[in-house]
Amino acid sequence: MQILTEISENLQKGKAKIVTQLVQQALDNGIPADDILQQGMMPGMDIIATKFKNNEVFVPEVLVAARAMNQGTALLKPHLDSATSVIGKCVLGTVKGDLHDIGKNLVRMMLEGKGIEVIDLGVDVPAEKFVAAIAEHKPECVALSALLTTTMGEISATIQAIEAAGLRDSVTILVGGAPVTDSFCSEVGADIYQPDAASAAEAAKAAILARK
Ligand code: B1M
């Protein structure tokens, strides 16, 4: 359908105003919200995610596309059947002591683009807040971001707190951020390390589906 292609193309260009107008027009024309999401917006975000991974677009382009996705999704939310469009939940945050959130916000957008509901705890999140959010929201996945070598240890502290609360087996733990590595992931007992937001979302989706 032409209008869905236009939504995808404008989303990739970060034209939030046009995307929201087209989404409203598509709803008014009787196109189901789930089709608008799955056949218009998500393919657009997938293209951006792949280009970002391949260094064909950079942070500013991703952020404007993400904003367009957010605004379009907000319009669709009341019309969406959550059972068919949401595949699972992920609690996300930048660990205690760390205020960097640009990468985390990209991870959030990519997760949402994969149909994962994100409980975003923000930045400077203490271990106990992650534990409380897992107990409350019962996610399949927890995503921990750290940008400073001095805050990497908080990833370990958070995983230990999740274990101590008896919640470790209920979640797949994903870790990332510039100083984080695959071997660090193994050392601290996390499940998955991914170097970028798009790969993180792909891995989270696979982990959530594997738990079903
Ligand atoms: Co800061 N900072 N910063 N900083 N900052 C770095 C990280 C640093 C490398 C700069 C440097 O010295 N070269 C350095 C860390 C050195 C180290 O620890 N080894 C540093 C420092 C030292 C500091 C301060 C201590 C500076 C000071 O005050 N003296 C201070 C600390 C504040 C704090 O957190 N307590 C500080 C502050 C800040 C600002 C507030 C000014 C600002 C943050 C603004 C914000 O986030 N809202 C800032 C910025 C912007 C940076 C740099 C320049 C850029 C970071 C960024 O957003 N990159 C950074 C230098 C650099 O990285 N080159 C730097 C873009 C973003 C898309 O990439 O976040 O890496 P990134 O996310 C990537 C991947 O890492 C991955 O996906 C993204 C790509 O798709 N990813 C995940 C991230 N999280 C993931 C989670 C996953 C999976 C993948 O799964 C869960």
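FYI, it's all coordinate maths here, none of it is from the lab. This is a predicted model, so every value here is computed, not measured. No Cβ is skipped: glycine too gets one built from the backbone with ideal geometry, and neighbour counts run over all protein chains shown.
One Cα centroid belongs to the range 166-212, the other to the range 59-110; the line between them spans 17 Å. Once the Cα atoms of helix 2-12 and of the chain are each reduced to a long axis, what angle between those two axes, in degrees from 0 to 90 to the nearest 10, is obtained? So the helix axis and the longest Cα principal axis differ by about 40 degrees.
Would the range 1-96 count as rounded, prolate or oblate if I go by the C-alpha gyration tensor, calling it rounded below 1.5 in a/c and otherwise prolate when a/b exceeds b/c, oblate otherwise? It is oblate, given that a/c is not under 1.5 and a/b is not larger than b/c.
Here the extension length gained between Ser186 and Leu209 equals 6.1 nm, from 0.36 nm per residue of separation less the Cα-Cα distance. Secondary structure note: in the chain, about 0% of the DSSP beta bridges are antiparallel. Using the Cβ of Pro126 as centre and a radius below 14 Å, the other residues enclosed give a net charge of -2, where K and R count +1 and D and E count -1. Report the one residue of Val64, Gly44, Ile3 whose Cα lies farthest in the direction of the positive end of the charge dipole of the range 2-99 (charges on C-beta: Lys and Arg +1, Asp and Glu -1; origin at the Cα centre). The residue sitting farthest along the positive end of the dipole is Val64.
For the peptides 176-189, 58-71, 38-51, the ranking by packing is 38-51, 58-71, 176-189, with the highest mean count of neighbouring Cβ atoms within 10 Å listed first. Each peptide among 163-170, 117-124 gets the average number of other Cβ atoms lying within 10 Å of its residues, and from highest to lowest they stand as 117-124, 163-170.
Each Lys and Arg adds +1 at its Cβ and each Asp and Glu adds -1 at its Cβ; summed about the Cα centre, the range 57-212 shows a dipole of about 400 debye.
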